[in-house]
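A short worksheet on the structure shown next.
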Amino acid sequence: MATSRVKTSDMALTIIEKIAFSDVALNQTEIAEAVGIVKSAAHKHLNTLEETGWIMRDLASGRYQLGTKAWIIGQQATAIQNLAEVGREPMRAARNDTGLAVVLSLVNKGGLSVISALHGTHPIEIGVREGSELALHATAQGQVAMAFGGPALTEKTLKGELAALTPKTLTSPERVRDRIKEVRSHGFACAPQETLLGVNVIAAPVFDHTNSLIATVALVGSIQHLTDPPAQDHVETVQKLSVAISVARGYRPKGG
């Protein structure tokens with residue numbers, strides 16, 4: 001599929017993401033390896049990003065972290081911050097009630113990005129890292145986004161590669177369209193083992209004051225704890241959670 005992305009800009013953004021989401025500060029060699037470019041090319045990108053304030057380098061260690069410009073720009077993303085804050089308490093309550101991980105993802109032009117994630121309380125930890133981008137066809141969250149986010153997002157997704165993340169991933173446009181119809185009818189999506197074997201996810205939409213889709217919220221757990229089909233109490237939990245976050249963002253349910 002044709003793309004309008006500029007390679008140089010794309011690489012600079014990839015480097016910023018690697019630095020932002022790394023558990024430890026990275027040096028030039030580690031960054032080059034992480035993004036798949038030679039050290040000389042990484043050096044040029046890093047110099048430009050440092051000079052423009054997006055990143056800064058520790059003079060003693062030579063390792064990089066986000067700079068002042070990244071911090072300033074981040075402060076302007078109040079809508080995302082507010083959505084994450086609004087969702088925090090109802091998400092925590094759902095996590096404590098079910099023991100499952102809870103994930104809030106922002107819907108945007110390009111797809112879905114995780115903005116808030118709470119790990120479950122079961123001994124084996126299953127969760128999603130904040131900042132992760134989710135495949136629309138292969139996740140319950142993505143199927144919700146296509147079901148309630150308008151036809152343009154669906155068509156864009158189906159024109160691209162529907163990669164098989166597991167043997168259970170939906171990889172044909174016809175099957176994805178059928179799933180979208182089911183999701184729209186039921187009001188939630190369930191994608192057992194479609195992203196990762198042994199893991200199930202159920203997701204529901206989050207709307208704003210204009211009744212437009214802005215996010216998805218999901219329960220994530222092992223197939224042992226989040227069964228296929230999901231237990232009715234888990235379905236009710238994710239639906240109540242989606243309504244709670246939506247109402248906090250100004251949405252008014254029909255008859256409400």
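Before moving on, here are some points about what is shown:
- Identity of the residue in segment 141-176, polar (S, T, N, Q) and assigned to a loop (DSSP other than H, G, I, E, B), that ends up farthest from Asp228 (Cα to Cα): Ser172
- Against the test of being out of contact with any Leu (no Cβ under 9 Å at 6 or more places or on another chain), assigned to a helix (DSSP H, G or I) and surrounded by fewer than 12 Cβ atoms within 10 Å (Cβ to Cβ), the options Ser40, Ser61 yield a single qualifying residue, Ser40.
- Filter pass, Gly120 being of a type outside the set (A, V, I, L, M) and part of a helix (DSSP H, G or I): no
- Tabulated pairs, segment 57-69, first more than 15 Å from Gln28 (Cβ to Cβ) and assigned by TED's automatic domain parsing to the domain that holds Lys44, second among the polar types (S, T, N, Q) and assigned to a loop (DSSP other than H, G, I, E, B), C-beta under 9 angstrom, 6+ apart or interchain: Gly67/Thr52; Lys69/Thr52
- The requirement of being out of contact with any helix residue (DSSP H, G or I) (no Cβ under 6 Å at 6 or more places or on another chain), crowded, with 18+ Cβ neighbours inside 10 Å and within 23 Å of Leu83 (Cα to Cα) is fulfilled somewhere in segment 146-162, by at least one residue.
- Matching entry among Ala244, Ala215 (being in contact with a Pro (Cβ under 6 Å, 6 or more places away or on another chain) and either in the same structural domain as Gln141 (by TED's automatic domain parsing) or buried (at least 20 other Cβ atoms within 10 Å of the Cβ) (or both)): Ala244
- Being assigned by TED's automatic domain parsing to the domain that holds Ala203 and assigned to a helix (DSSP H, G or I) is true of Ala93.
- On the stretch given as segment 4-30, residues that are surrounded by 15 or more Cβ atoms within 10 Å (Cβ to Cβ) and assigned to a helix (DSSP H, G or I) total 9.
- Candidates Val86, Val103, Val114, filtered to the one that is crowded, with 18+ Cβ neighbours inside 10 Å, out of contact with any strand residue (DSSP E or B) (no Cβ under 7 Å at 6 or more places or on another chain) and not assigned by TED's automatic domain parsing to the domain that holds Ile16: Val86
- Options Lys181, Lys159, Lys168: the member that is in contact (Cβ under 8 Å) with a residue 40 or more places away in the chain and of a type outside the set (A, V, I, L, M, F, W, C): Lys159
The values are calculated or read from the model by the stated rules, or taken from the named source; none is laboratory data. For clarity, every value in this text was computed on a predicted model and none was experimentally measured. Counting neighbours? That spans all protein chains shown, and the Cβs are built from the backbone with ideal geometry, glycine included.
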